[in-house]
Amino acid sequence: MNKTIMEKSKKSRKRGYFLYDFGKITAVIPCLLWYRMKRLYASPEAKKKIKGGAILISNHSGNVDPIAIMTAVWYRRHHFIATKELFEGKLKRCMFEIFHCIEIDRDNVDMNTFRTIVDHLKGGKLVSMFPEGHMTHTEEVQKFKSGMVLMAFTAKKPIVPMYIKKRKSLWQRQVVVLGEPIDPADMLGKMPSLADMYKVAAYLHEQERALKAIADQH
Amino acid sequence: MSVKLSRQEIFEKLQDIMIAINEDDREKIESATESTRLVEDIGLASVGMLYLVIVLEESFQIKFDDVGTATFDTVGKVIDYIEAKLS
């Protein structure tokens, strides 16, 4: 199974960004009208554009969160980490590959997938993911898994937290809050323990909750 | 790298690495045998397994190919893999 994912991933990497960009340009106007995005920032530092390799993390309460993320951080190409179950079916696989999603087997995360993610980060790409690990269908931010910390630490790249407020009705503007980039390498030593990594994941979870508090005021 | 290490030496080095990355379970790791289970007995969850592999790659100067978080269930399996790679 892992080998299959690796082969498919290699094939996906060879794919260019033409269809990705075409899809993005086509979706700009509908997305702007649909979301009427209201971006908030935790600090002036958070207002700076995300440059170079980074992991963008967000809460995951609905199906369209990836589109909200792509609309909020419109100036970057996103490489979403998606579970292999989402790739099932030819049409879905094709769509996920066009958008350069990285397929991951949650039950058996293999080193090749991990290396692909780290290579993306080192190559200056933006990897977007939902550290809660699944769709929550709630406004509460659930506990974060710590895989993102290991990825960012290995690639020596920052993690940017983002909160997407659940819209109560379609007439409401979509509120998103962006936080400051956090570099786990600055918080961890040369060879940190797993407990240290869990602490960083917990710290990021706290930051996400702080972003939620900002979003709740609007 | 063609450094010849005995199975016992690999085991001891592996123990040291596991203690370094999972200090909280030091006692369990010190009393581990080759049949000790990595997830159930030592508590290395998926992130722990990936981290262990990264550190092992650096320490033994070998590359773990086609390895996933569910590939190794016991300490002995990890030693088998490293032994095969070093030979």
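Worth pointing out:
- Shown is the FRET efficiency for A:THR26 and A:LYS47, computed with R0 = 25 Å from the Cβ-Cβ distance and rounded to the nearest 0.05: 0.35.
- Spin-label proximity, A:GLU180 to segment A:189-218 - amide N less than 13 Å from point 7 Å beyond Cα toward beta carbon: A:207
- If you model chain B as an ellipsoid using its alpha carbon gyration tensor, with each semi-axis the square root of five times an eigenvalue, the axes come out at 19, 14, 12 Å, biggest first.
- Each eigenvalue of the Cα gyration tensor of segment A:1-147, multiplied by 5 and square-rooted, gives one semi-axis; in descending order these are 24, 19, 16 Å.
- Long-range amide H partners of B:THR74 with built H, under 5 Å: B:LEU38
- With contacts taken as Cα pairs under 8 Å and at least 6 residues apart, chain A reaches a relative contact order of 28 percent.
- Gain upon complete extension [A:TYR203, A:HIS137; 0.36 nm per residue less C-alpha separation]: 21.5 nm
- Chain B: DSSP helices with Cα axial extent of at least 15 Å and average Kyte-Doolittle hydropathy no lower than 1.0: B:46-60
- The A:MET37 and A:ASP107 beta-carbon pair, evaluated with R₀ = 41 Å, returns a calculated FRET efficiency of approximately 0.70.
- Helices meeting the span-like rule in chain A (full DSSP H runs, Cα extent of at least 30 Å along the helix axis, mean Kyte-Doolittle score of -0.5 or higher): A:194-216.
- Relative contact order (%) - segment A:42-153, alpha-carbon pairs under 8 angstrom, separation at least six: 40 percent
- Residue exposure sequence - B:THR74, A:THR113, A:THR26 - by fewest surrounding Cβ within 10 Å: A:THR26, B:THR74, A:THR113
- Computed E for B:THR36/B:SER6 - FRET, C-beta separation, R0 22 angstrom, nearest 0.05: 0.70
- Evaluated over segment A:82-140, the Cα radius of gyration and Dmax, each in Å: 12.6, 34
- Net charge of the neighbourhood of A:TYR163, taken over other residues with C-beta under 14 Å away and scored Lys/Arg +1, Asp/Glu -1, is -1.
- Averaging the Cα positions of each part gives two centres, and for segment A:48-111 and segment A:147-218 these lie 16 Å apart.
- Directionally averaged projected area (segment A:81-216, Cα convex hull): 9.6 nm².
- The tail of the calculated P(r) for the protein assembly as shown beyond 26 Å holds 49 percent of all Cα-Cα pairs.
- Under the criterion of Cα pairs below 8 Å and six or more residues apart, the relative contact order for chain B equals 41 percent.
- Neighbouring Cβ atoms from other chains, within 10 Å of the Cβ of residues in A:103-112, number 5 on average.
- In this label model, B:ALA70 and B:VAL55 are separated by 2.5 nm, measuring between points 7 Å along each Cα→Cβ vector.
Bear in mind these aren't lab numbers, they're just calculated from the coordinates by the rules spelled out. Note that the structure is predicted; figures quoted are calculated from it, not measured. We place every Cβ from the backbone using ideal geometry, glycine too, and count neighbours over all the protein chains shown.
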